[in-house]
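What follows is calculated from the coordinates using simple rules that are stated; it is not laboratory data. All of these numbers come straight from a predicted model, not from anything done at the bench. When we count neighbours, we look across all protein chains shown, and the Cβ atoms used for this are built from the backbone with ideal geometry, even at glycine.
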Amino acid sequence: MKIRNYHKVEKRDAFIREKSSGVGVRVAISVEDGATQLAMRVIEIEIGGFTSLHTEEHEQAIFVTKGSGIITDGTKECRLTNDDVLFVPSQQQHQIKNTGDTKLILVSTIPILQQE
């Protein structure tokens with residue numbers, strides 16, 4: 001078992017794809033921690049920030065821990081607020097935008113990928 005405060009994990013901008021702004025990620029759990037099936041990322045989106053509109057090859061479970069915003073698939077938007085949970089199927093196009101007045105913090109759980 002491993003326990004640590006996620007603030008002690010380095011925040012990276014490397015996760016960010018083109019056309020993202022104000023987004024940082026902390027890989028809280030990965031293969032480096034002994035995980036073999038899943039990884040956990042804490043995604044921090046600054047006020048007015050957004051991820052790129054993208055798809056992933058895997059399913060993704062997201063928990064909104066702080067803030068508010070929207071998630072869009074490019075055609076429709078759904079509001080997000082703290083304590084919401086989301087399921088994003090594989091190959092589902094999506095983008096998350098912080099439309100609130102505080103940092104938007106999300107916990108994302110995904111399968112372990114080769115590059116992690």
Peptide ranges 89-96, 25-32, 72-79 listed from the most packed, as the mean C-beta count within 10 angstrom indicates: 25-32, 89-96, 72-79
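Taking only C-alpha pairs under 8 Å that are 6+ residues apart, what is the relative contact order of the chain in percent? Intermediate results must be reported in sequence, preceding the final value.
Details: 285 pairs, mean separation 33.8, N = 116.
Here the relative contact order equals 29 percent.
Tell me, Kirkwood radius of the chain from alpha-carbon pair distances, in Å? Provide the component values of the computation, followed by the final result.
On the way: mean 1/r = 0.0694 Å⁻¹.
After inverting the pairwise mean of 1/r, the radius is 14.4 Å.
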Proximal lysines to Lys76, defined as alpha-carbon separation beneath 28 angstrom and excluding residues fewer than eight positions away on the same chain: Lys19, Lys66, Lys97, Lys103
Residues of type aspartates and glutamates that Lys8 reaches as a straight line, Cα spacing below 17 Å, ignoring anything fewer than 8 places off in the same chain: Glu32, Asp33, Glu44
